[in-house]
Amino acid sequence: MKLLKIYLTFGLIIAATVCNAQNKFKNLLSDFQKISGNWKGSLTYLDYSSGKPYTMPSDLEVKRIDETNKFSFSNIYPNERNANSTDTVSISSDGKYIDKEQVKSRRKLANGDIEIITEETGKDGNDNKPATIRHTYTFGKDIFKKRKDVQFVGDNQWINRHVYSYSRNPSN
């Protein structure tokens, strides 16, 4: 009888873990699906050479790739067309990663927006110094923001590297 209880308890723990992973994946997938479409806004980034922020117009088109867990992000810079780029963002099937970034938190804000914070280790800056890179995604009905903060190894301060701020394009 004790063995049966142990098996049942173990089975319930596994089932809860699997359900939780599926819910995380579905939540992230739903969040990114909601931002599919066209966005107008700006990119403000820290110019490491001058130490000053620089803002430029930036548009974004987000599309889900077929019925996969991948999304295409087409960045369009009206004043600097040669900087245009397209990135593919993947959500892991367990909902723990966006690309190689570990999802640290996902929460609903008081205004109803969703905030997702991810972190990864990498390199940043003009010297390609090792750092922890944090992305904060904020999703709303008509807003989308993606912020990148960097903490260099050995430092205890975070530096805001850049912020994309978008409003939904009215023609969407």
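Readers should treat all values here as calculations from the given coordinates under stated rules, not as data from a laboratory. Fair warning: this is a prediction, and the values are worked out from it, not measured in the lab. We place every Cβ from the backbone using ideal geometry, glycine too, and count neighbours over all the protein chains shown.
In this entry, E67 passes the filter for residues that are on the phi < 0 side of the Ramachandran plot and either over 15 Å from the mean Cα position of the chain (by Cα) or surrounded by fewer than 14 Cβ atoms within 10 Å (Cβ to Cβ) (or both). Of the residues that make up the stretch 155-170, is at least one over 16 Å from the mean Cα position of the chain (by Cα), within 19 Å of Y45 (Cα to Cα) and hydroxyl-bearing (S, T, Y)? Within the stretch 155-170, one or more residues are over 16 Å from the mean Cα position of the chain (by Cα), within 19 Å of Y45 (Cα to Cα) and hydroxyl-bearing (S, T, Y). Every condition in (1) touching a Lys or Arg at 6+ places or on another chain (Cβ under 8 Å); (2) among the basic types (K, R); (3) part of a strand (DSSP E or B); (4) within 20 Å of Q33 (Cα to Cα) is met by K141 except one, and the failing one is (3). Within the stretch 36-60, the residues that satisfy the criterion of being touching a residue at least 24 places away in the same chain (Cβ under 8 Å), closer than 20 Å to Q151 by Cβ and in a strand (DSSP E or B) are T44, Y45, L46. Within the stretch 61-78, the residues that satisfy the criterion of being farther than 21 Å from S165 by Cβ and part of a strand (DSSP E or B) are R64, K70.
Among the residues here, A110 qualifies as over 19 Å from S36 (Cβ atoms), outside any strand (DSSP E or B) and among the aliphatic types (A, V, I, L, M).
Residues being surrounded by fewer than 11 Cβ atoms within 10 Å (Cβ to Cβ) and either assigned to a strand (DSSP E or B) or in contact with a strand residue (DSSP E or B) (Cβ under 7 Å, 6 or more places away or on another chain) (or both): count how many of those fall in the stretch 79-93. Matching residues across the stretch 79-93 total 3.
Within the stretch 102-143, the set of residues being out of contact with any helix residue (DSSP H, G or I) (no Cβ under 9 Å at 6 or more places or on another chain) and among the hydrophobic types (A, V, I, L, M, F, W, C) comprises L109, A110, I117, A131, I133, I143.
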